[in-house]
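The values are calculated or read from the model by the stated rules, or taken from the named source; none is laboratory data. Only a predicted model underlies this, so the values are computations on that prediction, with no experimental measurement involved. Cβ placement follows ideal geometry from the backbone for every residue including glycine, while neighbour counts extend to all protein chains displayed. What goes into the accessible areas is simple: the full protein's heavy atoms, side chains included, and nothing from ligands, DNA or RNA. Shrake-Rupley method; radii C 1.70, N 1.55, O 1.52, S 1.80 Å.
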Amino acid sequence: MSLGSSSESVHVRAPGKINVYLGVGGRHDDGYHALATVFQAVSLYEDVIARPSAGFSIVVKGLEDPSTVPLDDRNLAMRAAKLLAAAAGYDGGVALEVRKSVPVAGGMGGGSADAAAALVACDALWGTGFSQARLHDLAARLGADVPFALHGGTAVGTGRGDQLNPALARGRFDWVLVTSEQGLSTPTVYGRLDALREEEGALADDPPLSLDVPIPVLQALRSGDAESLAESLHNDLQAAAVHERPDLEETIVHGLRAGALHGIVSGSGPTVALLCADPEGAQQVQSALRETGLDPLHVHGPVPGARILG
Ligand code: ATP
C-alpha cells in the first residue's frame, strides 16, 4: 500500500526526560522490577528528519563517539519506523536522519525520544493517520520510556514505567544537567541495585507487582514550587549508579555548594540533574560548575512530547 505518502520531508522534535521520582521494587524471577516514576520532559531535544525513500536507512549526527549508537535494526528509530510500516501495511521506506543532543546511555531516554520522533515523523510522511492511542500502543512495544517521549509534559509511569497517567504540574522548573561522555548501561545499574539489596539483606521474598508514587511528590509538582519538589526528589537507582560512578556523588555536592536546591542522578544515570530555584539560580549554578571544569547545561521542564516542526 502506498497510503498518502508525502514527497516532502518531515521534521519532528522529541524531548529527553528526567525522573524526578523513581521507586524500584524488588527483582522478580523473570527480571521484572515494578516501577513507580514521575517523568518530566525537559528542553534538551532529539530531532528526527524523515525523507521519502523506497528502502529504510538511517544516519545519526551529533555523536562524540559514533560507535555508541547502532545504525541497523537495533536502532530504536529504525525499529519504530519498521514497526509502524508493518502495522500500517506500508510497503515503502524512509531515510531517517537523527540529530542527537541527549547524551547516549545517559539515563535521559534519548533512544526512546528518537523512537517516538520516528513514529510521529513516519506517520506524517506516509499519511498513516494513526490515532494517538494507536501510536501509544506501538510506542509501548518499542520500550518502556517511549510512550512518555510521545506524551511529554509531566507524567506518572507505573508497571515497567510504560503505564502512563498525566500529572498536573504548574509553572516551570529549572534544572542544570551535568552529562558524562561515558554512558552507563541500564541493565548494569539494575544488576548493581539487586546486588546491593542482597548484601544488605534487603531482598524481599515476594516483591510487589506494582508501586505508587508518594503523594508529596505529586503535591509539589501541582504547587509549582521548586523548593517543595526539591524535598521530594528521589531515585532508588542512585546508590547503584554512584557505586558504578563514585564521581556522580561529588558532582551533586558541587551543585549543592553552587546553590542548587537538590540534585539527583536521572534514571539509571550517569546524568546528574540539579534542581534550581529559578532561571537566575540555574545560571549561577551553571557558571560555578563551569569553573570546576564541568560542562553543565541549563534546561527547563515540563515541555511537550514529540511534535512536528514547521
Ligand atoms: P534506557 O532507555 O535504556 O534507560 P538511556 O536513556 O540511558 O537508556 P539511550 O541513549 O536511550 O540511554 O541508549 C541506551 C542504548 O540504546 C545505547 O547504549 C544504544 O546502544 C542503544 N540505542 C539504540 N537506538 C538508539 C538511538 N537511536 N539513540 C541512542 N541509543 C540507541
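From the list Leu289, Leu274, exactly one residue is more than 16 Å from the ligand (Cβ to nearest atom), open to solvent by less than 40 Å² (accessible area, probe 1.4 Å), among the aliphatic types (A, V, I, L, M) and under 18 Å from the mean Cα position of the chain (by Cα). Which is it?
Numbers: Leu289 fails: under 18 Å from the mean Cα position of the chain (by Cα).
That would be Leu274, the only listed residue that is more than 16 Å from the ligand (Cβ to nearest atom), open to solvent by less than 40 Å² (accessible area, probe 1.4 Å), among the aliphatic types (A, V, I, L, M) and under 18 Å from the mean Cα position of the chain (by Cα).
Just one of Val60, Val98 is within 14 Å of the ligand (Cβ to nearest atom), open to solvent by less than 10 Å² (accessible area, probe 1.4 Å), out of contact with any Phe, Trp or Tyr (no Cβ under 6 Å at 6 or more places or on another chain) and among the hydrophobic types (A, V, I, L, M, F, W, C); which is it? Talk me through it step by step, then tell me what you get.
Details: Val60 fails: open to solvent by less than 10 Å² (accessible area, probe 1.4 Å).
The unique qualifying residue is Val98.
Looking at the range 122-158, which of its residues are more than 13 Å from the ligand (Cβ to nearest atom) and in contact with a strand residue (DSSP E or B) (Cβ under 7 Å, 6 or more places away or on another chain)? Before the answer, list the steps.
Let us first name the residues in the range 122-158 that are more than 13 Å from the ligand (Cβ to nearest atom), namely 122-138, 140-141, 150-156, 158.
Cys122, Ala124, Leu125, His151, Gly152, Gly153, Thr154, Ala155, Val156, Thr158, listed by residue number.
Would you confirm, using the coordinates I've provided, whether Ala85 is modelled with pLDDT of 95 or more, away from the ligand (no atom under 14 Å from the Cβ), of a type in the set (A, V, I, L, M) and assigned by TED's automatic domain parsing to the domain that holds Leu119? Step through it out loud before you land on a result.
Numbers: modelled with pLDDT of 95 or more: yes; away from the ligand (no atom under 14 Å from the Cβ): yes; of a type in the set (A, V, I, L, M): yes; assigned by TED's automatic domain parsing to the domain that holds Leu119: yes.
So Ala85 passes the test.
Within the range 174-188, is there a residue that is in contact (Cβ under 8 Å) with a residue 12 or more places away in the chain, more than 27 Å from Arg13 (Cβ to Cβ), of a type outside the set (Phe, Trp, Tyr) and open to solvent by less than 70 Å² (accessible area, probe 1.4 Å)?
So in the range 174-188, the residues in contact (Cβ under 8 Å) with a residue 12 or more places away in the chain come out as 174-186, 188.
Among the residues that remain, those that are also more than 27 Å from Arg13 (Cβ to Cβ) are: 188.
Filter again for of a type outside the set (Phe, Trp, Tyr), leaving 188.
Filter once more, keeping what is open to solvent by less than 70 Å² (accessible area, probe 1.4 Å): 188.
There is at least one residue in the range 174-188 that is in contact (Cβ under 8 Å) with a residue 12 or more places away in the chain, more than 27 Å from Arg13 (Cβ to Cβ), of a type outside the set (Phe, Trp, Tyr) and open to solvent by less than 70 Å² (accessible area, probe 1.4 Å).
Kindly state which strands (runs of 3 or more DSSP E) lie completely within the range 10-102 and contain at least 1 residues that are free of Cβ contacts under 8 Å to residues at least 60 places away in the same chain. First the steps, then the outcome.
Values: elements: 10-27, 33-53, 56-61, 93-99.
Per the criteria, 33-53, 56-61, 93-99.
Select from the range 103-133 the residues that are assigned to a helix (DSSP H, G or I), touching a Ser or Thr at 6+ places or on another chain (Cβ under 9 Å) and open to solvent by 20 Å² or more (accessible area, probe 1.4 Å) and list them in ascending order. First the steps, then the outcome.
Just the residues of the range 103-133 that are assigned to a helix (DSSP H, G or I), to begin with: 110-126, 132-133.
After this cut, where a residue has to be touching a Ser or Thr at 6+ places or on another chain (Cβ under 9 Å) as well, the list is 110, 121-122, 124-126.
Within the range 103-133, just Ala124 meets the criteria.
Report yes if Val69 is touching a strand residue (DSSP E or B) at 6+ places or on another chain (Cβ under 9 Å), open to solvent by 10 Å² or more (accessible area, probe 1.4 Å) and within 13 Å of the ligand (Cβ to nearest atom), otherwise no.
Numbers: touching a strand residue (DSSP E or B) at 6+ places or on another chain (Cβ under 9 Å): yes; open to solvent by 10 Å² or more (accessible area, probe 1.4 Å): yes; within 13 Å of the ligand (Cβ to nearest atom): yes.
Criteria met by Val69.
If the requirement is being open to solvent by 20 Å² or more (accessible area, probe 1.4 Å) and either on the phi > 0 side of the Ramachandran plot or in the same structural domain as Asp114 (by TED's automatic domain parsing) (or both), which of these qualifies: Gly55, Gly23?
Values: Gly23 fails: open to solvent by 20 Å² or more (accessible area, probe 1.4 Å).
Unique residue meeting the criteria: Gly55.
Among the residues of the range 294-310, write down those that are closer than 20 Å to Asp247 by Cβ and open to solvent by 70 Å² or more (accessible area, probe 1.4 Å). Give the steps one after another, and end with the answer.
Step one: of the range 294-310, the residues closer than 20 Å to Asp247 by Cβ are 294-297.
The answer is Asp295, and nothing else.
For Arg170, which of the numbered conditions (1) assigned to a loop (DSSP other than H, G, I, E, B); (2) closer than 24 Å to Val253 by Cβ; (3) of a type in the set (D, E, K, R) fails to hold?
(2)
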